[in-house]
Each structure stands twice: as structure tokens, then as C-alpha cells.
Amino acid sequence: MEWLYILIPFVVLGIIAVVFAVRAPSGMAGKPGRVRPGRGFRLLMLGIYVVLGLGVPAAVIAARGESEGGVGPLEQTALTPADAEGKRLFKRTCASCHNLDAVNARGVTGPDLDDIGQVSEDRVLNAIKNGGTGQNRMPAGLLEGADAEAVATYVTKVAGR
């Protein structure tokens, strides 16, 4: 439904352009009978451009919110401070390699964490500590201590949901 906010302004502007193109054929400038827009019309068009150019994008951005949990059923789930920290750390450290729908991560080299089966905190912590499955595809020890635990807790809560 949000796509309408983007589409409608272009349709309206297109209709206005067509109407004026039909009303004032090219080559008619300065000839008798040509309708010249008045001051009110110019102000109206300026208002339309301002509303459509600034207001519509602002409304779309405001309507989407932060998307706390990302997508699906997690989207409207409020995050605890610990989960928010885990999400932030995941985005900074892991999202470039792994897919995780909850943060709209589309990594290119690591596995899709939504599709790898049962995800537990121990499994995530071991992957962080050892570098994934130990095949040297993921650097070991990317996060340590409380940071690793925060990411493990967050990933366990959101993976596959």
C-alpha cells in the first residue's frame, strides 16, 4: 500500500503536464489566444511541488518507522535495550556476510541465519568464537565477551521468525 504514496504524485503531475501540453501547443508562444497562467496558478503549482517533493517522501519515511524487529511478525516487536545492542552489533559486524530478515541483512558470503535450522545461543557463540564452522570462511573472535553474548541472544530470538 505504501507504493501508492510514491505513485500517485507522479500520476497527478503526468496528468497536469498532459493537460497543459494539449492546451498550449508548441509554437504558440506570444500568439493571440494562448492562455497564460496567472499568479494564482503559479503559486498553486509551487505548492504542489513542495508538498509532493517534500511532504510525500517525509510521510513515507515517517510511516515506516524504525521497523524495530525488521520484517514479518518481528516488525512491531519492541526491543529490549540488550536486544537493541545485539541488533546494532549484528548490523555492524555480521550483516555484510549473513542474511537475517530481522535486520534486512543480505550478506553475500555467510549462511542465511533464517534458514540454517535450530539456532541456539551456544551455537552462535561457538560460531563467533571459532569462526563459523571452522572452515576459515569466517574470522574467529569477531566479537568477544558481552558483545558476542548480545549478538548471540539477539540472533537466537529473531532467526527464522
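The values are calculated or read from the model by the stated rules, or taken from the named source; none is laboratory data. Only a predicted model underlies this, so the values are computations on that prediction, with no experimental measurement involved. Cβ coordinates were reconstructed from backbone atoms using ideal geometry, including for glycine residues, and neighbour counts include every protein chain displayed.
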> For the range 88-110, what are the residues that are surrounded by fewer than 20 Cβ atoms within 10 Å (Cβ to Cβ) and part of a strand (DSSP E or B)?
Replying inline: N99, R106
> Which of the residues that make up the range 135-161 are surrounded by fewer than 17 Cβ atoms within 10 Å (Cβ to Cβ), farther than 22 Å from V108 by Cβ and at pLDDT below 90?
Replying inline: R161
>> Considering only residues that are in contact (Cβ under 8 Å) with a residue 12 or more places away in the chain and of a type in the set (A, V, I, L, M), which ones fall in the range 141-161?
In response: L142, L143, A148, A150, V151, A152, V155, V158, A159
> Which residue, of L46, L89, L79, is modelled with pLDDT of 75 or more and either outside the structural domain of R106 (by TED's automatic domain parsing) or under 30 Å from F10 (Cβ atoms) (or both)?
Replying inline: L46
